[in-house]
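The values are calculated or read from the model by the stated rules, or taken from the named source; none is laboratory data. Computed from a predicted model, the values in this text were never measured in an experiment. Don't worry about glycine lacking a Cβ; one is built from the backbone with ideal geometry, like all the others, and counts go over all protein chains shown.
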Ligand code: SP5
Ligand code: ZN
């Protein structure tokens, strides 16, 4: 299958993150994309094409206009405020605090438009995030045009980004943007299957009240793992979306036996939904040696995942999400894709 990737995506180059209560080296780094790109070239998976530029309209179908304006204007405001280097929020409008009016101060804006301090925002973030979203859109367009599948080599990733705030290394929700674009291009029903180790809270929230986009996520139980505040099994959708959100929270330590049982249940639900197109939020952080995760999938299990997904028999847009064992990320990612190709 074809891969979509732009070198502009490498320009987002965070140095640190705040996680585990500490300032730590960033794990969502440019080499993640480079190693996947190298492995694609090495294995001959298929051509690597640059994204088309789709502009802001398809982003605004999923994200709030004021949030996009914040991202676009952030660096100028940050430097005008006398700040330099990557930016971290440190105060948020939780529970009894107000989300409007939106503050004027840069630190208020950072908190208003984020949900964690693990996601540094830098000079090139907006451009890299847009290129990443364009990669997802270009892959969606290839599949809408008749390709069986396409791979958007997205980074920064997307599935933690909500309509109006960023977090979890994600700024623009690439998978949601692709799914909405597919709907607007004529697909009546789209399923988004999120296999990243972490719950796809952003994608869930974006489609929570809709029955035209089925969201399913296999992930570590939020009682024990990031993002902690969404991803439980009783989140089944609301209003017209009731029954169209399906979470499979799994215990830490889950291996292929447990994971593939949930995958089968997800496959059954997708089959009953009968979508025109499948979007896979392809995180590779369920890997046994992932440095921030605690599932136990092996590199061979990612081949099995590719085979299972091919068995769905659906036009499929793969959108990369997480995966932080950089040395193995190329092999694991391309294992899924090459096994899907058969
Ligand atoms: C796209 C994606 O995978 N985002 C994940 C964001 C997770 N950020 C919080 C990381 C907390 C890591 N805790 C690791 C404990 C073991 N050292
Ligand atoms: Zn993840």
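Here are some notes:
- First in segment 1-19 and farther than 18 Å from residue 41 by Cα, second anywhere and assigned to a strand (DSSP E or B), Cβ under 6 Å, 6 or more apart: 16/23; 17/24
- Long-range neighbours under 6 Å by Cβ, at least six apart or interchain, first residue within 22 Å of residue 25 (Cα to Cα) and within 15 Å of ligand 2 (Cβ to nearest atom) within segment 273-299, second modelled with pLDDT of 95 or more and not in a loop (DSSP other than H, G, I, E, B): 284/329; 284/332; 284/333; 286/297; 287/297; 287/332
- Every condition in (1) more than 16 Å from ligand 1 (Cβ to nearest atom); (2) in contact with a strand residue (DSSP E or B) (Cβ under 8 Å, 6 or more places away or on another chain); (3) closer than 30 Å to residue 183 by Cβ is met by residue 57 except one, and the failing one is (2).
- For residue 20: the one exception among (1) within 16 Å of ligand 2 (Cβ to nearest atom); (2) surrounded by 13 or more Cβ atoms within 10 Å (Cβ to Cβ): (2)
- Looking across segment 278-322 at every residue that is away from ligand 1 (no atom under 16 Å from the Cβ) and within 17 Å of the chain's Cα centre (by Cα), the one that is nearest to residue 136 (Cα to Cα) is identified as 317.
- Looking only at residues of segment 272-292 that are touching a helix residue (DSSP H, G or I) at 6+ places or on another chain (Cβ under 7 Å) and over 14 Å from residue 193 (Cβ atoms), we find that the one that is surrounded by the fewest Cβ atoms within 10 Å (Cβ to Cβ) is 289.
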